[in-house]
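Note sheet for the following structure.
The values are calculated or read from the model by the stated rules, or taken from the named source; none is laboratory data. Predicted model only: the values in this text are computed from it and were never measured. Don't worry about glycine lacking a Cβ; one is built from the backbone with ideal geometry, like all the others, and counts go over all protein chains shown. Please note that ligands, DNA and RNA were not included when accessible areas were found on the heavy atoms of the full protein model with its side chains. Shrake-Rupley method; radii C 1.70, N 1.55, O 1.52, S 1.80 Å.
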Amino acid sequence: MNFMNDNIRPRRLRKSETLRDMVREVRLSPKSLIYPLFLKEGNNIKSEISSLPNNFHYSPDRVGEAVEEALKNDVRSILLFGLPDHKDEVGSQAYDENGIIQQGIRKIKDEYPEMQIITDVCMCEYTSHGHCGILHNHDVDNDKTLDYIARIALSHVQAGADMVAPSDMMDGRIDAIRRVLDENGYNDTAIMSYAVKYASAFYGPFRDAAGSAPSFGNRKSYQMDYHNKREALKEALLDVSEGADILMVKPALSYLDVIKEVKENTNLPLAAYSVSGEYAMIKAAAAQGLIDEYGVMCESTVGIYRAGADILISYFAKEIAQAIKKGDIG
Ligand code: PBG
């Protein structure tokens, strides 16, 4: 039987695996993956993070194991988070030259200079109240916080970080960091801005992992309202004008439209952060036998790149790299 347009048959291009692989529209590389790592003060620690199965807290003396595993899978960039022993009102361990992150950076750079180290620049893991800045009357004081954020970024770079990634969502922070880095001779150190970061329930497992849940209130006065897409562009363009080198949208899976919007309206490389809740949901559903973990990981990863991401930060980074190598995706 004939049908309308029967000379055009999309199925022709789905006939064999070779052909399907040839016409794929999205091409992936492990080189575009960033793997988050959690450093914890102490010795001989490698302990699984219960909210993020198969991710671990490492003390600096053992973090090399994680770095080596990542490199073995061709994952060449890590995003470092720190869990200090001591917290206070101003998060002073965040900019201490012997803080957990600074120790970790030196250790990793010493043993694995080829690993690109990006550091999360924020205060919530370091403050006793768990907010991302300096408090004033139960809210975060934007301008006061800027000095601290810039100081933290500088101390990471002085310890050897290749790139800094501020996640605090204070207004003006890219400018503040850029100035301080430049004044200290680090003109060529890049800033990856968490430019578009929503106040999200998907960060729950991370806050358990990093001990960074706010002790009161929430982060809605500094992170974005998830109803807003035009505001995403406002944030992104501000960071471009302040000198950001890479932009990020976070979370990823519920924000694919935002990724597309930012990609189409800016000209910087765009990262997407598939956050802890996205990872934990896949892990939990798979553990219950409800979904195929590998299949869902592959499909959701490609979805994020298809939306426009150039770079992906994921707790599945090593597994995604393996899937790309096998040719299952990309
Ligand atoms: C620090 C920070 C958070 C995440 C990255 N950096 C937590 C937050 O903002 O509460 C979340 C990462 C994830 O959920 O995987 N501000």
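If you go through the range 262-291 and keep only what is open to solvent by less than 50 Å² (accessible area, probe 1.4 Å) and over 18 Å from the mean Cα position of the chain (by Cα), you end up with Thr266, Lys283, Ala285, Ala286.
Being more than 26 Å from the chain's Cα centre (by Cα), in contact (Cβ under 8 Å) with a residue 24 or more places away in the chain and surrounded by fewer than 17 Cβ atoms within 10 Å (Cβ to Cβ) is a property that does not hold for Asp6. Here Leu253 meets each of (1) out of contact with any Pro (no Cβ under 6 Å at 6 or more places or on another chain); (2) open to solvent by less than 50 Å² (accessible area, probe 1.4 Å); (3) aliphatic (A, V, I, L, M) with one exception, condition (2).
Of all residues in the range 84-91, none satisfies being charged (D, E, K, R), buried (at least 18 other Cβ atoms within 10 Å of the Cβ) and more than 15 Å from the ligand (Cβ to nearest atom). Which residues, taken from the range 82-113, are in contact (Cβ under 8 Å) with a residue 40 or more places away in the chain and in a helix (DSSP H, G or I)? Correct list: Ala94, Ile100, Ile101, Gln102, Gln103, Gly104, Ile105, Arg106, Lys107, Ile108, Lys109, Glu111.
If you filter the range 292-318 down to residues that are out of contact with any Lys or Arg (no Cβ under 9 Å at 6 or more places or on another chain) and farther than 19 Å from Pro251 by Cβ, you find that the one that is surrounded by the most Cβ atoms within 10 Å (Cβ to Cβ) is Tyr294. Would you be able to say whether some residue in the range 278-287 is within 15 Å of the ligand (Cβ to nearest atom) and among the basic types (Lys, Arg)? Yes - at least one qualifying residue is present in the range 278-287. Taking the range 288-325 as the range and being within 16 Å of the ligand (Cβ to nearest atom) and of a type in the set (Val, Ile, Thr) as the test, the residues that pass are Thr301, Ile304, Ile311, Ile313, Ile320.
So which of Leu247, Leu237 ends up being away from the ligand (no atom under 13 Å from the Cβ), in contact (Cβ under 8 Å) with a residue 24 or more places away in the chain and buried (at least 23 other Cβ atoms within 10 Å of the Cβ)? Quick ask: steps written out before the conclusion?
Details: Leu237 fails: buried (at least 23 other Cβ atoms within 10 Å of the Cβ).
Checking each option against the conditions leaves just Leu247.
Within the range 215-238, restricting attention to residues that are among the aromatic types (Phe, Trp, Tyr) and within 28 Å of Lys87 (Cα to Cα), the residue that is farthest from the chain's Cα centre (by Cα) is Phe216.
Give me the residue from the range 200-214 that is within 15 Å of the chain's Cα centre (by Cα) and among the small types (Gly, Ala, Ser) and, out of that set, farthest from Asp239 (Cα to Cα). Among residues in the range 200-214 that are within 15 Å of the chain's Cα centre (by Cα) and among the small types (Gly, Ala, Ser), the one farthest from Asp239 (Cα to Cα) is Ala209.
Of all residue pairs spaced 6 or more apart or on separate chains, those with beta-carbon atoms under 6 Å, a first member in the range 218-233 that is over 16 Å from Phe202 (Cβ atoms) and a second member that is surrounded by fewer than 15 Cβ atoms within 10 Å (Cβ to Cβ) are Ser221/Asp139; Leu233/Asn265.
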